[in-house]
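The values are calculated or read from the model by the stated rules, or taken from the named source; none is laboratory data. Quick caveat: nothing in here was measured; it's all calculated off a predicted structure. As a convention, Cβ positions derive from the backbone with ideal geometry for all residues, glycine included, and neighbour counts pool all protein chains shown.
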Amino acid sequence: MSKSFLPVRGTKDFLPSEMEVREKIREVILKTYQKYGFNQIKTPIIEDIDLLLGSDGGDNLKLIYKILKRGEKLNLETDNIDDLVDLGLRYDLTVPLARFYINNKEKLLPIFKSIQIDDVFRAERPQRGRSRQFTQCDIDIINDESINSEIEIIYVAGQTLLNLGFKDFTFKISDRRLLNEILANIGFDRDSFADICISVDKLDKIGLEGVKTELIKKEYDNDKVTKLIGDLTNIKTKGINGLKELKLNDNVISEVETIVNNSNDLANGKYQVEFDINIIRGQGYYTASVFEVYLSGFDGASGGGGRYNDMIEKLNGFNVPAVGFSFGFERLFIIISENNLLMEKKEKLALIYEADDFSEVVKLMEEYSAQFNVTTIKRRKNFGYQLTNLKENGYTKYVLFKEKIIENLG
């Protein structure tokens, strides 16, 4: 049987031309985050399985890559497969951040603003923009309970997208407490709220009728489900006025209005920020505000986040408020690549030599590097094919060492 040298399904090799774009995206995101006072950290890709499974990560918990115990700890005779596992690959960067903060808080500022740009792993069904190994770009503010953190994070995310070349995008904002209050008023059991939120989070994919069908299949009361769909439809039509008609918590409504109004003021017309009750976020650890960003030309959200005030408390007993946002790097990469954004960069020059003194070739390469990204390459017999190959790999100019005259490729 022949061997396959393709990457594992749901993962990808990246060519040099793709890596140039990816590294440019990463650079712009990192520099923008740092400009506004966020600090980069790094955590391991492997975490304790109990930490991951206890994180209230919604459907993502079903997608964790689990790692078997090793050596004497591995007992293959056990009947319970969970007894064979003690570690897992991280499925997002928020759970590792919570652990990191608990472990390092004494070394950090009282209000800690973090950056994480790193890979995470989920046993997904691969599709466009959804892989099994992918990069997330997170910013989080820990230990600030005020909604100023939401406003700041949405602003920084908006500036990041502008710096990446995007011009048509919208942040949509809601609050988990509003939906929880609606569910409670209808009469749903509080223990079912997280499960119902998981279904409602699929609204943009399956529509209101699809959500209704799924909830009824889960054996929720038909009348209660119908009332929920009616309330969501009314709020979707009337916006924040629809919330007020239901006489929901005035303080929460006021917070949402403040976040939306302040964020639009800061956006200065360059992007939009709006309320949308259907923004849920699938992770169960969100406790209050939730938000997503939608880019023109790509279905579904390209980033999202929210407030997760209870996560650290569940881990170590201390109440530490937190809010964060993450871009889906792969989605940004697809849109930027397809629309030729971020293409302002140095041209690539091939310095072609023959039987020349290579130290002199390198010295000339150094001269040209101020203006170009330069590679040295020995001249081949089939010179025409060599030039074609260089052009196909992104080189726009070449120079023969002996002639020292820069020529255009093609």
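Once the stretch 375-392 is narrowed to residues that are under 38 Å from the mean Cα position of the chain (by Cα) and loosely packed, with under 14 Cβ neighbours inside 10 Å, the residue that is farthest from V21 (Cα to Cα) is T388. In the condition set (1) under 21 Å from Q283 (Cβ atoms); (2) at pLDDT below 95; (3) buried (at least 21 other Cβ atoms within 10 Å of the Cβ), I198 is compliant with all but (3). Looking at K217, K244, just one residue is of a type in the set (K, R) and either at pLDDT below 90 or buried (at least 16 other Cβ atoms within 10 Å of the Cβ) (or both), and that residue is K244.
The residues on offer are I280, I259, I312, I253, and the sole one that is in the same structural domain as L162 (by TED's automatic domain parsing) and closer than 18 Å to E152 by Cα is I259. Counting only strands (runs of 3 or more DSSP E) wholly contained in the stretch 253-352, the ones carrying 2 or more residues that are under 18 Å from K172 (Cα atoms) and of a type in the set (A, V, I, L, M, F, W, C) occupy 272-275, 289-295, 322-328. The residue that is surrounded by the fewest Cβ atoms within 10 Å (Cβ to Cβ), among those in the stretch 329-366 that are within 34 Å of the chain's Cα centre (by Cα) and polar (S, T, N, Q), is N340.
Acidic (D, E) and within 30 Å of N104 (Cβ to Cβ), is that true of E338? No: the conditions fail for E338. Just to be sure before I move on: is G317 free of Cβ contacts under 8 Å to residues at least 12 places away in the same chain and at positive phi in the structure I sent? Criteria met by G317. Looking at the stretch 170-188, is at least one residue over 30 Å from D221 (Cβ atoms) and either part of a helix (DSSP H, G or I) or hydrophobic (A, V, I, L, M, F, W, C) (or both)? Scanning the stretch 170-188, I find at least one residue that is over 30 Å from D221 (Cβ atoms) and either part of a helix (DSSP H, G or I) or hydrophobic (A, V, I, L, M, F, W, C) (or both), so the answer is yes. Can you confirm whether E209 is on the phi < 0 side of the Ramachandran plot and surrounded by fewer than 19 Cβ atoms within 10 Å (Cβ to Cβ)? It is true that E209 is on the phi < 0 side of the Ramachandran plot and surrounded by fewer than 19 Cβ atoms within 10 Å (Cβ to Cβ). All told, E367 falls short of being acidic (D, E) and either assigned to a strand (DSSP E or B) or touching an Asp or Glu at 6+ places or on another chain (Cβ under 9 Å) (or both). Checking each residue of the stretch 128-143 against the condition of being at pLDDT below 80, surrounded by fewer than 20 Cβ atoms within 10 Å (Cβ to Cβ) and at negative phi gives at least one match.
D59 falls short on exactly one of the conditions (1) buried (at least 18 other Cβ atoms within 10 Å of the Cβ); (2) over 16 Å from the mean Cα position of the chain (by Cα), and that condition is (1). Of the residues making up the stretch 116-164, just one is assigned to a strand (DSSP E or B) and basic (K, R), namely R130. Please name all residue pairs, on different chains or six or more residues apart, with Cβ atoms under 6 Å, provided the first residue is in the stretch 372-397 and is under 19 Å from V362 (Cβ atoms) and the second residue is of a type in the set (F, W, Y). Going by the 6 Å Cβ cut-off, the qualifying pairs are V374/Y368. In a residue-by-residue description of the stretch 93-104, the property of being buried (at least 21 other Cβ atoms within 10 Å of the Cβ), assigned to a loop (DSSP other than H, G, I, E, B) and not aromatic (F, W, Y) applies to at least one position.
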